[in-house]
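Input: a single structure, listed below in structure tokens.
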Amino acid sequence: MVLQMSTRRAMSSILNRSFRLLRGRGPVLASGSQRFGTAAALDEPITPPVEVKYTKLLINGQFVDSASGKTFPTLDPRTGEVIAHVSEGDTEDINRAVASARKAFDEGPWPKMTGYERSRILNRFADLVDKHSEELAALETWDNGKPYEQSALAEVPTFSRLFRYYAGWCDKIHGLVVPADSSHHVQVLHEPIGVAGQIIPWNFPLLMFAWKVGPALACGNTIVLKSAEQTPLTALYAAKLFHEAGLPDGVLNVISGYGPTAGAALASHMDVDKLAFTGSTETGKIVLELAARSNLKPVTLELGGKSPMIILDDADVDKAVELAHFALFFNQGQCCCAGSRTFVHEHVYDEFAEKAKARALRRVVGDPFKKGVEQGPQIDDEQFSKVMRYIKSGVNSGATLESGGDRIGDKGYYIQPTIFSNVKDEMEIAKDEIFGPVQSILKFKDIDEVIRRANATHYGLAAGVFTSNIDKANTLTRALRAGTVWVNCFDVFDAAIPFGGYKMSGQGREKGIDSLKNYLQIKAVVTSLKNPAWL
């Protein structure tokens with residue numbers, strides 16, 4: 001589909017907008033793009049319309065080399081070739097960054113500013129993001145592989161919107177005066193927690209930056225942020241814009257590096273007061289253990305998922321197919337909340353499976369900088385190989401491969417949109433988080449059965465329900481053990497909507513008012529009163 005959406009319209013919700021890109025009569029093939037079934041090599045990649053300017057670590061307001069002098073390559077997922085060499089942060093660099101953040105918190109102006117003053121800086125930053133939106137979008141697509149139209153018209157405007165949302169909270173964080181059963185004046189203060197360590201993933205680098213940095217700054221904290229080694233470029237660019245907006249030195253420090261070195265050093269640091277992590281459940285366990293073994297710092301975790309997308313028998317099948325397709329294939333399937341278990345009622349199962357296959361065959365895969373492309377490459381060779389192993393597992397376990405199942409081209413990390421039908425609950429593709437363009441379609445008979453099966457997972461991040469029956473919708477939304485349940489929609493992420501998971505999908509919530517709680521301490525101040533006029 002040729003995109004017909006203004007930037008203004010794109011600013012309210014990233015994924016709602018992206019769903020509109022996918023709906024309708026099907027996409028028009030862009031020049032050089034192709035249906036997934038074509039195994040011929042893709043055209044030569046388009047030269048991205050942006051220059052890589054920032055590749056060093058940002059510590060105390062300055063771009064500096066790593067202490068070791070080492071660098072690592074960040075790769076173009078379209079080709080596997082090097083985009084740039086980025087300074088590789090390690091333990092000593094984390095120590096320098098934490099010391100900078102500690103000094104900025106203890107001695108600097110940021111926590112001492114009024115909320116209004118902080119809000120003005122966050123709003124100025126959002127203005128600069130809008131001004132430099134094309135560069136940010138191009139870097140995001142180049143480093144990550146997601147379609148440029150998605151980056152430019154949905155994700156970067158939402159990034160800006162998130163910071164305006166948190167700017168609005170800066171001067172509205174306040175405590176209480178509570179009554180006591182004696183002659184005492186009792187204040188409950190909400191104070192910034194201190195130095196926040198933050199570790200963000202590679203699938204949505206800019207948005208995860210906003211989800212973490214926004215509430216931490218609004219509450220008056222200072223930050224050491226470790227970006228994902230696969231996608232370090234936009235965090236550095238955004239941090240530079242923050243300093244142009246007037247953020248004091250040391251308040252936001254950005255370290256590029258690897259999880260087992262820089263990430264582990266941050267999680268273990270004795271002078272970090274709070275830790276936030278988004279990534280896999282397996283790594284989340286390690287992060288939580290490191291935090292506990294060091295100074296028992298509080299940790300928020302946004303982890304993996306295996307989200308059910310439930311299609312009831314009253315569904316308009318064509319609309320249900322389109323929504324389920326979006327729920328799984330958006331962002332190359334690299335979404336923690338992807339609707340990766342598509343449960344379809346037996347009365348509409350065969351029709352749904354046939355039309356889901358047809359929709360996958362129409363999906364436009366190609367260079368993400370080309371207009372009309374819906375799906376770019378996976379992030380890297382490791383993720384590409386993981387997805388291909390799961391596809392092989394699905395075939396070997398007896399699921400029916402309806403479409404896809406192979407790579408596209410002979411370079412880069414492109415995978416055919418893949419559909420499996422006749423999937424059983426015990427199969428790996430129905431249990432594990434694949435994090436790729438692989439849709440598993442399962443059959444069910446009634447609501448009680450699908451509730452039981454949908455909840456039979458270690459995860460509980462999200463779920464989707466498609467029905468025109470309000471009673472069935474209400475039954476399911478309350479019964480499904482997930483942090484978010486979307487009804488007749490999917491992947492709607494407004495700035496004010498809290499996001500997080502049940503069970504092994506995480507701890508705590510991001511976005512909305514709940515995210516502020518992660519970055520505040522509560523202090524009770526009790527003062528004796530002599531001959532009070534009232535209590």
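The values are calculated or read from the model by the stated rules, or taken from the named source; none is laboratory data. All values derive from a computational prediction rather than experimental measurement. Glycine also receives a Cβ, built like all others from the backbone with ideal geometry; neighbour counts cover every protein chain displayed. Areas reflect the complete protein model, heavy atoms only, side chains present, ligands, DNA and RNA absent. Shrake-Rupley method; radii C 1.70, N 1.55, O 1.52, S 1.80 Å.
Couple of notes before you dig in:
- Once the Cα atoms are used to define both axes, helix 205-218 deviates from the longest principal axis of the chain by about 20 degrees.
- Gyration tensor verdict on region 65-115 (Cα atoms; rounded if a/c is under 1.5, prolate if a/b is larger than b/c, oblate otherwise): oblate
- Under Karplus coefficients 6.51, -1.76 and 1.60, residue-wise ³J(HN,Hα) of region 78-84 in Hz, glycine/proline x: 6, 9, x, 8, 6, 7, 6
- Amide H contacts under 5 Å for Ser403: Ile419, restricted to partners 5 or more places along the chain or on a different chain, H placed in the peptide plane at 1.01 Å from N.
- A simple packing score, the average count of other Cβ atoms within 10 Å per residue, orders the peptides 483-494, 303-314 as 303-314, 483-494, with the highest score first.
- The calculated 222 nm mean residue ellipticity attributable to helices in the chain amounts to -10500 deg cm²/dmol, summing -39500 (n - 2.57) over DSSP H runs of n ≥ 4 and dividing by all residues.
- Here the dipole of the chain is about 920 debye; that uses its Cα centre as origin and unit charges on the Cβ of Lys and Arg (positive) and Asp and Glu (negative).
- Near the amide H of Trp486, within less than 5 Å, lie the amide hydrogens of Ala463, Gly464, Val465, all on another chain or at least 5 residues away, with H placed in the peptide plane.
- Magnitude of the charge dipole, region 231-319, Cβ model with Lys/Arg +1 and Asp/Glu -1, debye to 20: 440 debye
- ³J(HN,Hα), Karplus 6.51/-1.76/1.60, whole Hz, each residue of region 303-318, x for Gly, Pro: 10, x, x, 9, 6, x, 10, 9, 10, 7, 6, 8, 6, 6, 4, 4
- 18 Å Cα-Cα reach of Lys392 towards aspartates and glutamates, excluding residues that sit fewer than 8 places from it in its own chain: Asp381, Glu382, Glu402, Asp406, Asp425, Glu426, Glu428, Asp432, Glu433
- Global dimensions of region 276-364 from alpha-carbon coordinates: Rg and Dmax equal 18.2, 56 Å.
- Rounded to the nearest 20, the size of the Cβ-charge dipole of region 423-502 about its Cα centre is 200 debye, with Lys and Arg at +1 and Asp and Glu at -1.
- Of all DSSP beta bridges in the chain, antiparallel share, percent nearest 5: 45 percent
- Tally of Lys pairs whose C-alpha atoms are under 21 Å apart, taken over region 154-276, 8 or more apart or cross-chain: 6
- Area of Asp127 that stays accessible when all protein chains are in place (1.4 Å probe, Å², to 10): 80 Å²
- Options (i) 23.7, 87; (ii) 25.2, 85; (iii) 23.5, 80 - which one matches Rg and Dmax of the Cα atoms in Å as calculated here: (i)
- List Arg120, Arg102, ordered by accessible area with a 1.4 Å probe, largest first: Arg120, Arg102
- Shape of region 126-181, Cα gyration tensor, a/c cut at 1.5: prolate
- Cα-projected label distance for Glu134 with Ser397, points at 7 Å along beta-carbon direction, nm: 4.7 nm
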